[in-house]
Amino acid sequence: MTLSELGSIQQVLLIFILVLGALTFVGTLIKTNTYGRHMQGNEKLTLPALPAWLIFECPQWWAFAVTFWGLALVHDLSPSLPAILLFALWQSHYLYRSLVYPLRMQDRAKRFPLAGVVFGFGFNAINGFVNGFAVLTASHLMDSAWLSDPRFVAGLVIAVSGWWINFQADGILINLRSDGSTGYKIPFGGMFRYVSSANYLGEIVLWCGWALMAFTPAGLIFALFTISNLLPRALSHHRWYLQKFPDYPADRKAIIPKLL
Ligand SMILES: NC(=O)c1ccc[n+]([C@@H]2O[C@H](COP(=O)([O-])OP(=O)(O)OC[C@H]3O[C@@H](n4cnc5c(N)ncnc54)[C@H](OP(=O)(O)O)[C@@H]3O)[C@@H](O)[C@H]2O)c1
C-alpha cells in the first residue's frame, strides 16, 4: 500500500477517534465506565485485572512501533531525531503502562470487564497506528531543526512534567495497598494535595505536551480523547471520595488544581 493510500485511511481513522471522543465524553458524563471502584458487581464477562491491562494497553506500543519502523523500512525513510524522540517518549510510557504498571498493581483478585478490554485493545491499536504514521510522515518532523522549535521544547517540558505527575501518582495509589489491604484510603502527597485524580491530571498533561511536541492532528486528537475519557471519570472519582470519606480534604478539587 502506498503512503498516500495509508494517509487516506489515517484521515478516516482520525475522524473516527474524534467522533468516538465526543461520544465518550458525553457517555462517561452520564455513566462512569464500570471498572475499578465503579464496578457494580453484576458484570458477567470479566477478566482478572492483571492480564486485562497487559492485553488492552500493549497495542499502543506495538502498533506505533510496527507502523513507524515498518513503514520506514518499506518506504526507505530514515526518521529524524525529533521523530525518534517522540517515538521514544511514547514507547517509554506505554511499555511502563502495559507491562510494569499491571505487575505493580497490588490487588490480584481485581476483575476488569471484558467489553473494556475489547474496546481498549481496538482503540489503542488504531491510535498507535495513526500516531506512528503521523510522526513518521509529518514534513516538519523530518527536519532536525524542529528540535529547537519552541513548540517542541515547551511540549517536551510539559510532557515530562505530566509523565512525572502520573508516575508519582500511580506509585502513591499502589502504596496505599502495600499492607495487603484491598479497600480504599484517602491518597496524600504529590499532586493529590490539590486534586483527587492526580494520575489522570498527569496523563492529560503528558499527552497535551506530547501533542505540542509532535504538532500533528493525530497527537492533538489523542490529547482531546484523553481529556474526554479521563475528565468525566475524575469528576466521578471526586464525588465518590466526598461521599465515602466525611473527612475528605475540603480544598481538594477533582482534576484541575483550584478550579475543577
Ligand atoms: N490515556 C487514557 O485515556 C487512560 C485511560 C485510562 C487509564 N489511564 C491511566 O491508567 C492508570 C490507571 O487508571 P485507572 O482508571 O485504573 O485509575 P484509578 O481508578 O485511579 O485506579 C488506579 C489504581 O489505584 C487503585 N486505587 C485508586 N484509588 C485508590 C484509593 N483511594 N485507595 C486505594 N487504592 C486506590 C485502583 O484500585 P481499584 O482498581 O481497586 O479501584 C487501581 O489499582 C492511570 O495512571 C491513568 O492515568 C489512561
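The values are calculated or read from the model by the stated rules, or taken from the named source; none is laboratory data. Since the structure is predicted, the reported quantities are computational estimates derived from the model, not experimental observations. Every residue, glycine as well, gets a Cβ built from its backbone with ideal geometry; the counts of neighbours run over all protein chains shown. In case anyone asks, the SASA skips ligands and DNA or RNA and just uses the protein heavy atoms, side chains included. Shrake-Rupley method; radii C 1.70, N 1.55, O 1.52, S 1.80 Å.
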To the nearest 10 degrees, how steep is helix 3-30 against the longest Cα principal axis of the chain, on a 0 to 90 scale? 20
Note to self: with every protein chain in place and a 1.4 Å probe, region 3-244 gives an accessible area per residue in Å² of 46
Here FRET efficiency (C-beta to C-beta, LEU18 to ASN175, R₀ 35 Å, nearest 0.05) is 0.40
How do ARG111, ARG233 rank by accessible surface area computed with a 1.4 Å probe, from largest to smallest? ARG111, ARG233
Heads up, I need the accessible area for SER236: 1.4 angstrom probe, whole protein in place, Å², nearest 10. 10
Among the lysines, which have Cα under 20 Å from the Cα of LYS185 when same-chain residues fewer than 8 positions away are ignored? LYS110, LYS244, LYS253
Quarter of the surface of the C-alpha convex hull for the chain, i.e. direction-averaged projected area in nm², equals 14.2
Tell me the Kirkwood radius of region 39-85: reciprocal of the mean inverse pair distance over distinct alpha-carbon atoms, in Å. 13.6
Out of residues 5 or more away from THR46 or on other chains, whose amide H comes under 5 Å of its own, with H placed 1.01 Å from N in the peptide plane? LEU114
Can you pull out the trypsin sites (Lys or Arg not before Pro) in region 137-199 whose DSSP state is coil and whose Cβ has at most 13 other Cβ atoms within 10 Å? LYS185
Determine the share of the chain's accessible area contributed by carbon and sulfur atoms, expressed in whole percent, with a 1.4 angstrom probe. 69
What is the dipole size for the chain, taken about its Cα centre, with +1 at each Lys and Arg Cβ and -1 at each Asp and Glu Cβ, in debye to the nearest 20? 1100
Degrees separating the helix 217-244 axis from the principal Cα axis of the chain, which is the longest one: 0
Output wanted: per-residue J couplings in Hz (rounded whole) for region 147-152, from phi through Karplus 6.51 cos²θ - 1.76 cosθ + 1.60, θ = phi - 60°, x for Gly and Pro. 4, 9, 5, x, 5, 5
For region 109-260, what is the charge dipole size about the Cα centre, in debye to the nearest 20, if Lys and Arg each add +1 at the Cβ and Asp and Glu each add -1 at the Cβ? 600
